[in-house]
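Some notes on the structure that comes next.
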Amino acid sequence: MTRSDLVEELAARFGQLTHRDAEFAVKTILDAMSEALVRGHRIEIRGFGSFSINRRPPRMGRNPRSGESVHIPEKRVPHFKPGKALREAVDKRTAEMEQKGAKG
């Protein structure tokens with residue numbers, strides 16, 4: 001699902017929202033989440049999951065072309081951990097789809 005798919009879905013589910021309003025709502029939510037992560041905050045959406053920042057320590061890597069050792073600096077990267085309800089729903093739906101595929 002892309003960002004534009006999300007906007008379309010939101011506009012379809014809520015008839016009172018124009019396409020522009022749905023687009024603004026999606027942009028506002030994603031911007032707020034991005035800003036919270038940039039500030040180092042954790043985002044938790046019950047039943048869906050949580051977003052946090054993970055620290056990747058500095059390490060020595062290797063340039064694949066030359067084989068030369070390269071220092072890779074520390075990084076902070078976003079991390080998503082799905083909630084229990086989401087994990088169970090995905091597992092259930094994929095298992096159902098697999099069963100339908102095996103029967104067909």
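Take segment 5-14 and flag every residue that is open to solvent by 70 Å² or more (accessible area, probe 1.4 Å) and more than 15 Å from the chain's Cα centre (by Cα).
So in segment 5-14, the residues open to solvent by 70 Å² or more (accessible area, probe 1.4 Å) come out as 5-6, 8-9, 12-14.
Listed by number, the residues that qualify are GLU8, GLU9, ALA12, ARG13, PHE14.
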Discussion item. So ARG46 passes all but one of these: (1) surrounded by 10 or more Cβ atoms within 10 Å (Cβ to Cβ); (2) farther than 19 Å from MET1 by Cα. Which condition number does it fail?
Written reply: (1)
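Quick check on MET1: is it open to solvent by 80 Å² or more (accessible area, probe 1.4 Å), modelled with pLDDT under 95 and of a type in the set (A, V, I, L, M)? Explain how you work it out, then say what you get.
Numbers: open to solvent by 80 Å² or more (accessible area, probe 1.4 Å): yes; modelled with pLDDT under 95: yes; of a type in the set (A, V, I, L, M): yes.
In short, yes.
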Response to the item:
The number of residues in segment 92-104 that are exposed (fewer than 10 other Cβ atoms within 10 Å of the Cβ) and polar (S, T, N, Q) is 0
Worksheet, complete the sentence: Result of the Cβ filter at 9 Å on segment 72-91, keeping first residues that are farther than 12 Å from ILE45 by Cβ and partners that are in a helix (DSSP H, G or I), at least 6 apart or interchain, is PRO78/SER34; PRO78/LEU37
Worksheet item: List pairs: first in segment 33-54 and within 16 Å of LYS84 (Cβ to Cβ) and without any contact (Cβ under 8 Å) to a residue 12 or more places away in the chain, second of a type in the set (S, T, N, Q) and assigned to a strand (DSSP E or B), Cβ under 8 Å, 6+ apart or cross-chain?
Response: GLU44/SER50
Response to the item:
Of the conditions (1) assigned to a loop (DSSP other than H, G, I, E, B); (2) closer than 18 Å to ARG42 by Cα; (3) among the hydroxyl-bearing types (Ser, Thr, Tyr), the single one that SER52 does not satisfy is (1)
Discussion item. Quick check on my filter: what residues within segment 58-91 are in a strand (DSSP E or B) and open to solvent by 70 Å² or more (accessible area, probe 1.4 Å)?
Written reply: ARG59, MET60, ARG62, HIS71, LYS75, ARG76, PRO78, HIS79, PHE80, LYS81
Practice prompt. Please identify the pairs in which a residue from segment 21-32 that is modelled with pLDDT of 95 or more has its Cβ atom under 8 Å from the Cβ atom of a residue that is open to solvent by 70 Å² or more (accessible area, probe 1.4 Å), counting only partners at least 6 apart or on another chain.
Written response: ALA22/GLU8; ALA22/PHE14; VAL26/ARG3; VAL26/LEU6; LEU30/ARG3
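The values are calculated or read from the model by the stated rules, or taken from the named source; none is laboratory data. If you're wondering where the values come from, they're calculated on a predicted model, not measured in any experiment. As a convention, Cβ positions derive from the backbone with ideal geometry for all residues, glycine included, and neighbour counts pool all protein chains shown. Each accessible area value is taken on the protein alone, full model and side chains, heavy atoms only, with ligands, DNA and RNA left out. Shrake-Rupley method; radii C 1.70, N 1.55, O 1.52, S 1.80 Å.
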